[in-house]
Each structure stands twice: as C-alpha cells, then as structure tokens.
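Working notes, structure below.
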Amino acid sequence: MPGFELFSDLERKEVNDVLDNGVLMRYGFDGMRKGHWKAKELEAELSKTFHSNYVQLVSSGTAAVSVALASAGIGAGDEVIMPTFTFVASFEAIMMLGAIPVLVDIDDTLTLDPKAVESAVTSKTKAVMLVQMCGSMGNMDALREICNTHNLIFVEDACQAIGGSYKGKPLGSIADLGCFSFDFVKTITCGEGGAVVTNNKEYYINADHFSDHGHDHIGNDRGAETHPFLGYNFRVSELNAAVGLAQVRRLPEFIDIQKRNYSIIREALSQLPEVTFRTVPEGGEESYAFLNFFLPDLDTARKVSVKFKEHGLDACFHYYDNNWHYIRKWDHLKDLKSLFPISQEVKEGLKYLQTKTFTQSDAYIARNISCLIKLSWTEEEVRARAQKMVKIIKESI
Ligand SMILES: *Cc1c(COP(=O)(O)O)cnc(C)c1O
C-alpha cells in the first residue's frame, strides 16, 4: 500500500485512451468512445481477480458499503453489527441509509470477535459487517455460521485487505457482498473509486441500478431507460476507472513487494520476546499491506510510537491515541454531531454509545502498533528501517 507509489506509463496509457475520445462517462456515448469502456473492462478484470461473478464499480469505498447494504435491502431502523476498530466510513455508510450501527468488540485478529457479534444480535439485526482491517481477516467460519444461524446478511469490507485470501478465496469475495476502495492510499488506486462484488445476481442488479439513479441500463438510449426503483449517483468516471485498470493488472507485483518488505520487518521484530503479532486465522494469508504488532502495555506502545515519529519512521500508527480508526476518539459519532436532523429511531439506537465501554477492544488497540508497508522502499531501506524499529523497541521496554 499504496499503489500510487508505482504509477507508470501503464496508467498513463489507459488515461490517454479516455482523453483521446473525450468520453469521461461510463455509460452511453457509444459512437464517440472508439471502443473504450474502461469501467466495464475494470469490472471484468476485478471479477477475475476477486473470483466473483458480479462487480459494480462505484465512486468510493464508502459508496460501495452503502450500495452493498442498500442492494441487500437494509435501511431505516435496521441494525448492522460492525467492529469498534475500523474506518469512519463503516458507520457513515450505515447511517446514510437510516440504519443503526451496532459497534462490538474486536479480538486478537483485530476485527470482529464472533462472541461479541453473537451477543449483539437482536430482532432488529439485519447484517454483520466484517471489516478486514490492516491487510488481514476475521474468523470467517465462525462469523458465517452466526449469519446463517440468525439469517443475517454477511458483508465484508475488504478495502484494506486487497490481495489477501482465506482458504484460497480472495478477501472480499467470501461474504454475501464484498466492498473495496481504490482511494488514493489503497493497495491499488484509481484516485477515488470503489467496488461491490457478489455472486448474488439480484444484489448485483440492485447495485447496478441504485448507483446510477435507478436506471435499468437496458438499450442504449439513456432517456428511454426506466427506473424500477429510486437510486442515487455513485458512478465512477472513465478517467478513474482507466487508472484502476492499469493498477489491478499490477496487483500480483504489488503484493509480492509488500510481502518481501513485510517479511523483512516481521523477521527482525520476531527476535524481540516482548513483541507479539495479531492472529491470522488458519488458512488465511494476509495482503501484507500492514504489519501489526502488540507491545506489552499501553505505556510502552505510546513511548515506541512517539520515538518512531522522532526517528523519521513514518506510516506507523498507534490507533489508541489517533483520531482515525478507533471508537475512542469518535466524539462526533458519540455526540451525534450531524448537519441535519437525525431520525428519532437512529438517535435512540445510538444512545448506547454514551455509556458503553469496550474494554476488550481497548486492551488490544492500546498495545497495537500498525505499520503501513510501502511499495517504493528498496530492500536496503527496509532492512535499515527494521533495525531502527528493533533498536527503538528495545530501548523503550
Ligand atoms: C478506505 C476505506 C473505506 C472507504 O473508502 P473511500 O474510498 O475512501 O471512501 C472503507 N472502509 C475501510 C476499512 C477503508 O480503509
């Protein structure tokens, strides 16, 4: 992560194809586009990469999560179970539909604890949203079983785990619906963009229509198309799709580089008895986009995090003290700071956040350091970096 580090002539060529004919929109203008359908081509490519029958490109990963939930019929008053450690997009996407995010504890996989999910299920629960944080995955089998038992829709946000797999299946392709982001800092990027992947034809057709104002996309006269139901505009542009097309073809190359860099740092840190690593479920292979490790306690993690920064080791995060990915600092959610009125149902549904504590999640996130693995590092740079990290950790314990 991130793919922009290795932009090349391949991306440039795809973008130039689009600029040559000037059709920046993914639908229509058949005569003008000289055979270039970048969004359609990218969908076909993603379908192969993610072993999924259907792919709908959209304008962002956040849009992908909203579109996925909407496509499965989730909306006002429905509860969606999600983890405390994730990106803000998870609850944004749920709340956009008038549904209620139910945050539950994570375990040592750094994502949903199946036991916490099980005990959060109510008569209003409609879906479980697993967020494959920082390049790895949750306990897929246990979560699938809970969804089957309670008849819940299983949604997988694989925005941060592009290229990882579980028992040979790409992450994002395992649940009923998978969501990807190709924003500027993801493993493959198209600037802004995302995708919903599924093997369920009905969900796919819903996603196709919903992300383009409800258009049925039958025939080639946009004005004559019918609207089987209401939709919005979450379209991706041809320019963005063109960049994504070049990037997805380079995914195996990116994953190889990530794996090399990750392995060098992991091996170095493994010499330290005080350092432990997140649990990856058996049969799982990380995407190697991040290396996550645990230190003995909060104080040590704080000390190490500050020293990493002081010594120029960028791209390492201590999410406990960071506003980005963890419930502890999401006051705008807890205080429901919305520009517009929020429905009574959602207000009531979110009251639990005023008082609920997440001691189990705190215990993991407090001790966790999450380091981004960059593509542009040379092997020499990674080795020097790993030694610096070891030295700092040793001095801090
Ligand atoms: C990046 C990200 C998103 C949202 O993607 P955008 O394209 O930035 O909207 C959603 N979930 C997770 C876990 C992410 O990392």
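The values are calculated or read from the model by the stated rules, or taken from the named source; none is laboratory data. Values in this document were obtained by computation on a predicted structure and should not be read as measured data. Please note: Cβ atoms are built from the backbone with ideal geometry, for glycine as well, and neighbour counts cover all protein chains shown. With ligands, DNA and RNA removed, areas are computed over all heavy atoms of the protein, side chains included. Shrake-Rupley method; radii C 1.70, N 1.55, O 1.52, S 1.80 Å.
Structure data summary
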item	result
Residues of type aspartates and glutamates that LYS356 reaches as a straight line, Cα spacing below 18 Å, ignoring anything fewer than 8 places off in the same chain	GLU79, ASP105, ASP107, ASP113, GLU118, ASP331, ASP335, GLU348
Highest to lowest packing among 306-312, 286-292, 263-269, scored as the average C-beta count within 10 Å	286-292, 263-269, 306-312
Cα gyration tensor shape of the chain, rounded if a/c is under 1.5, else prolate or oblate by comparing a/b with b/c	oblate
Hypothetical label at GLU145: residues of segment 83-116 whose amide nitrogen lies under 15 Å (7 Å Cα-Cβ projection)	113-116
GLU285 long-range amide H proximity, modeled H, under 5 Å	SER165, TYR166, LYS167
Sequence ranges 225-234, 348-357, 116-125, ranked by mean other-Cβ count within 10 angstrom, highest first	116-125, 225-234, 348-357
Mean Cβ neighbour count within 10 Å, used as a protection proxy, ranking 134-142, 364-372 highest first	134-142, 364-372
Free-standing Cys residues across the chain, given no other cysteine C-beta under 4.7 angstrom	CYS134, CYS147, CYS159, CYS179, CYS190
Entries in LYS124/LYS167; LYS115/LYS303; LYS48/LYS201 that, when Cα-Cα distance is taken, lie over 21 Å	LYS124/LYS167; LYS115/LYS303
J(HN,Hα) series, segment 338-343, from Karplus relation 6.51 cos²θ - 1.76 cosθ + 1.60, nearest Hz, glycine and proline x	10, 5, 10, x, 9, 4
Heavy-atom accessible surface of the chain: percent carbon and sulfur, 1.4 Å	53 percent
Cross-link table LYS13/LYS40; LYS186/LYS334; LYS309/LYS334; LYS309/LYS391; LYS374/LYS394, entries beyond 19 Å C-alpha to C-alpha	LYS186/LYS334; LYS309/LYS334; LYS374/LYS394
Efficiency of FRET between ASP9 and ASP321 - r from beta-carbon atoms, R0 41 angstrom, step 0.05	0.50
Anisotropy class of segment 154-228 from Cα gyration tensor, a/c 1.5 cut	oblate
J(HN,Hα) series, segment 50-56, from Karplus relation 6.51 cos²θ - 1.76 cosθ + 1.60, nearest Hz, glycine and proline x	9, 6, 10, 5, 10, 9, 10
Full-extension gain in nm, HIS311 to GLN387, via 0.36 nm per residue minus C-alpha separation	26.2 nm
Percent of beta bridges antiparallel (DSSP, segment 1-158, rounded to nearest 5)	5 percent
17 Å cut-off, amide nitrogen to a point 7 angstrom out along SER338 Cα→Cβ, residues in segment 81-108	89-103
